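Asks: Take this structure first; my questions come after.
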Amino acid sequence: MNGAESLVRALVAGGVDTCFANPGTSEINIVAALDRVTGMRCVLGLFEGVVTGAADGYARMAGKPACTLLHLGPGLANGLANLHNASRAQAPIVNVVGQHATYHLCHDTPLTANIEAIARPYSRWLRTSQAAAEVGRDAAEAIAAARTAPGRIATLIVPADVAWSKVIASKVIGSSVIRSEGGAVAGIPAPPQPPMPAVENVERAAAMLRSGLRTGLLIGGSALHGDGLVAAGRIAAATGAKLLAPYPIARLERGAGIAPVERVQYVLEQAVEQLKEFRQLILVGAPVPVAYFASPGKNAVLTSAECAIHTLAGPEEDCVGALEALAATLSLRGTQPPPDTTERPPVPSGKITLPGLAAAVGALLPENAIVVDESMTSGRGMMAATRGAPPHDWLGNTGGSIGIALPLAVGAAVACPERRVLCLTADGSGMYTLQALWTMAREGLKVTTVVFANRDYAVLKREFSYLGIGNPGRCALDMFEIGRPDLDWARLAKGMGVPGARVTSLEGFAKALREGFENEGPSLIEVPL
């Protein structure tokens, strides 16, 4: 067994059985090991940003890490934007990066780079394996680090000679040291359990909820789905508190019968208006709500000056346990929230409008779907329109680096092959990682992608207007508009093996959406706006 085989065996033994990859020469021995070691599913991405974004989507839905396989420093650098998003999503990922053979580094060949320096900003655990006999142990520790709550990126750098060298195990027999090929797969250390918040934090939150003041519960991370959301819903129903989520959500469970959670608005003025009613805000795995960017003369903090803010549990504490403890302190053990009676909108017809598109999604979204949302401008009404749809999950862009939607959809579909995935993206952000369409076709993933083709970086136009410096001139508009030539998404999709269609009415959109949800593979709908 060589170092590469030891690596793959350790990953599989640790429950990491899916690898999103874009390998190169330095990773050839790891690729060869994937043929010799069973149990690892490999998914090829044609760009490293697809690989890292897919690993993020997989982790959010599977609740466990996938691994990546990237080529040297430049390959890692290509994937950094979506590693940034993954780090903000607190997604567990084992990020495997190849390196030149150790004795080759002295030649400073063209692809030589300081890989540790590139990886460090987004890696909570970072190591370069030094010997073939150590790779299995290193992989086991990387898995444990990635699984440490609330989820971390662990980067393991594997030099080519460490990968191809034989694992030599030493054992003592009598007074002699016998060296032999082999080596056992390292055991996976158990990740530490997240700590509970202090009792005083729970008691203060309970006192705030009993005060009668208008209170918001701003919840994030594991509190937005599963047992955490159930406990939060019971607390909100019994106390009159309102459940809120940060705009950058990793995963939100929602739909009919699930406690409704209102997402904080992206636009500063809208968020300030939304939050002005609250005199108390209790944070559970979420930060204080602030604007994405500074604006001249405007306060970046979104809550009013009179709003008291209390942290019940930080992101690295047991948020689910904190909410359950708070419910127990409030004596809500048997209390159940009333069902949400919001109805689905009817299927719309007529000319394409943003409210009409949102209504069509709300009317047709299938049960147990996964919605991947990076439609910051055109899709702003989608969450309100889908509140009464059957239960589903909603994944957002957590780090603000655009180009996440298509790869995130790939990872979610790989993690949950029985579920339908609806990917909402814009034409500008979609072009960052459109190679993900090819992976969807190759893997036969049940992803329906809707591209809102407004021919603009519309968010940037809005941000420009906030600065109070007048209207953009021709040069500025050329930076914001993506026409001349117009992108043809239907043809781009077909070129990558995904059936694509352009629709010109709400009836056509609804028909294409139904067909996409019924397909056994991917499809794309271009909506010109």
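Just so you know, all these numbers are worked out from the coordinates, no wet-lab data involved. Just so you know, these numbers come straight off a predicted model, no measurement behind them. Because the Cβ atoms are built from the backbone with ideal geometry, glycine has one as well, and the counts that use them run over all protein chains shown.
Asks: Can you tell which of L406, M376, L487 lies farthest toward the positive end of the dipole of segment 354-528, using +1 and -1 charges on the Cβ of basic and acidic side chains (Lys, Arg; Asp, Glu)?
Replies: Towards the positive end, the residue furthest out is L487.
Asks: If you don't mind, another one. Among T386, T353, rank each residue by its count of other Cβ atoms within 10 Å, from fewest to most, as a rough exposure measure.
Replies: T353, T386
Asks: Moving on. Angle, helix 226-239 long axis vs. longest principal axis of the chain, Cα atoms, 0 to 90°, nearest 10?
Replies: It is inclined by approximately 30 degrees.
Asks: Separate question: Give me the aspartates and glutamates in straight-line cross-link reach of K511: C-alpha distance below 15 Å, same-chain residues under 8 apart excluded.
Replies: Straight-line reach from K511, under 15 Å: E526.
Asks: Among the DSSP beta bridges whose two residues both lie in segment 199-329, what percent are antiparallel, rounded to the nearest 5?
Replies: So the antiparallel bridges in segment 199-329 amount to around 5 percent.
Asks: Give me the lysines in straight-line cross-link reach of K242: C-alpha distance below 24 Å, same-chain residues under 8 apart excluded.
Replies: Partners within reach: K276.
Asks: Sticking to Cα atoms, compute the Rg of segment 3-181 to one decimal and its Dmax as the biggest Cα-Cα distance, whole number, in Å.
Replies: 15.9, 55
Asks: Between E418 and D17, what FRET efficiency comes out of the Förster formula 1/(1 + (r/R0)^6) with R0 = 25 Å and r the beta carbon distance, rounded to 0.05?
Replies: For R0 = 25 Å, the calculated efficiency reads 0.90.
Asks: Then there is this: If you average the C-alpha positions of segment 464-516 and of segment 331-379 separately, how far apart do those two centres end up, in angstrom?
Replies: 23 Å
Asks: Let me ask you something else. Using the 2.2 N^0.38 Å rule of thumb for compact globular proteins, work out how segment 252-336 stacks up: its C-alpha Rg over that value, please.
Replies: Cα-based Rg divided by the globular estimate yields 1.28.
Asks: With a bin width of 10 angstrom, please list the P(r) values of segment 320-360 as percents of all Cα-Cα pairs, from the 0 bin to the one holding the largest distance.
Replies: Reading the bins upward from 0: 23, 22, 16, 20, 17, 1.
Asks: Mind listing the long-range amide H neighbours of V372? Cut-off is under 5 Å, sequence gap 5 or more, other chains count too, H placed in the peptide plane at 1.01 Å from N.
Replies: The answer is L395, L422, C423, L424.
Asks: How large is Rg over Rh for segment 303-409, taking Rg from the Cα atoms and Rh as the Kirkwood inverse mean of 1/r across Cα pairs?
Replies: Answer for segment 303-409: 1.06.
Asks: Still on this structure: What are the principal axis extents of the Cα atoms in segment 476-529, in Å, biggest first?
Replies: Principal extents (largest minus smallest coordinate, Cα): 43, 26, 12 Å.
Asks: Additional query: Which one, G430, T25, G508, is farthest towards the positive end of the dipole of the chain when Lys and Arg carry +1 and Asp and Glu -1 on their Cβ?
Replies: It is G508.
Asks: Here's another thing I want to ask about it. Could you work out the relative contact order of the chain? I mean the mean sequence separation of Cα pairs under 8 Å and 6+ apart, divided by the number of residues, in percent.
Replies: 14 percent
Asks: Have a look at segment 354-528 and give its Rg and Dmax from the Cα atoms, expressed in angstrom.
Replies: When restricted to Cα atoms, segment 354-528 yields Rg and Dmax of 15.9, 51 Å.
Asks: Between the DSSP loop rule and a limit of at most 12 other Cβ atoms within 10 Å, which GluC sites (Glu not before Pro) in segment 287-392 are left?
Replies: Those satisfying the criteria are E306, E343, E367.
Asks: Let me ask you something else. Using only Cα atoms, find the angle between the long axis of helix 354-364 and the longest principal axis of the chain, and express it within 0 to 90 degrees, rounded to the nearest 10.
Replies: Roughly 70 degrees between the two axes.
Asks: Sort the following peptides by mean Cβ neighbour count (other Cβ atoms within 10 Å, averaged over residues), highest first: 272-278, 292-298, 428-434. Present the calculation step by step, with values, prior to reporting the outcome.
Replies: Numbers: 272-278: 16.4, 292-298: 11.4, 428-434: 24.1.
In descending order of packing, they fall as 428-434, 272-278, 292-298.
Asks: Right, another one. Need one number: % antiparallel among DSSP beta bridges in the chain, to the nearest 5.
Replies: Of the beta bridges lying entirely in the chain, close to 15 percent run antiparallel.
Asks: Which whole-number percent gives the relative contact order of segment 379-513, counting Cα pairs below 8 Å spaced six or more residues apart?
Replies: Taking the mean separation of contacting Cα pairs over the length of segment 379-513, I get 20 percent.
Asks: Under Stokes-Einstein, with the Kirkwood radius over Cα pairs standing in for Rh, what whole-number D in µm²/s applies to segment 223-369 at 37 °C and 0.692 mPa s?
Replies: Rounded to a whole number, D works out at 191 µm²/s.
Asks: In segment 199-329, with Lys and Arg counted as +1 and Asp and Glu as -1 at Cβ, which of these residues, V267, S211, T329, has the Cα nearest the positive end of the dipole, that is, farthest along it?
Replies: Value: V267.
Asks: What are the ³J(HN,Hα) couplings of segment 396-413, residue after residue, when phi is run through the Karplus curve with 6.51, -1.76, 1.60 and θ = phi - 60°? Round to Hz, x for glycine and proline.
Replies: x, 8, 8, x, x, 7, 6, x, 9, 4, 4, x, 4, 5, 4, x, 5, 5
Asks: Another one. Averaging sequence separations of C-alpha pairs under 8 Å and six or more residues apart, then dividing by the length of segment 1-139, give the relative contact order as a whole percent.
Replies: RCO, segment 1-139: 28 percent.
Asks: Give me the base-10 log of I(q)/I(0) for the chain at each q in 0.06, 0.11 Å⁻¹, Debye formula, one uniform scatterer per Cα, rounded to two decimals.
Replies: Summing over Cα pairs of the chain leads to -0.31, -1.01.
Asks: On to the next question. Is it possible to state the helix-based mean residue ellipticity at 222 nm for the chain, with each DSSP H run of 4+ residues giving -39500 (n - 2.57), the sum divided by total residues, to the nearest 500 deg cm²/dmol? What is it?
Replies: Values: 21 runs with 195 residues, N = 529.
After summing the helix terms and dividing by the residues of the chain, the value is -10500 deg cm²/dmol.
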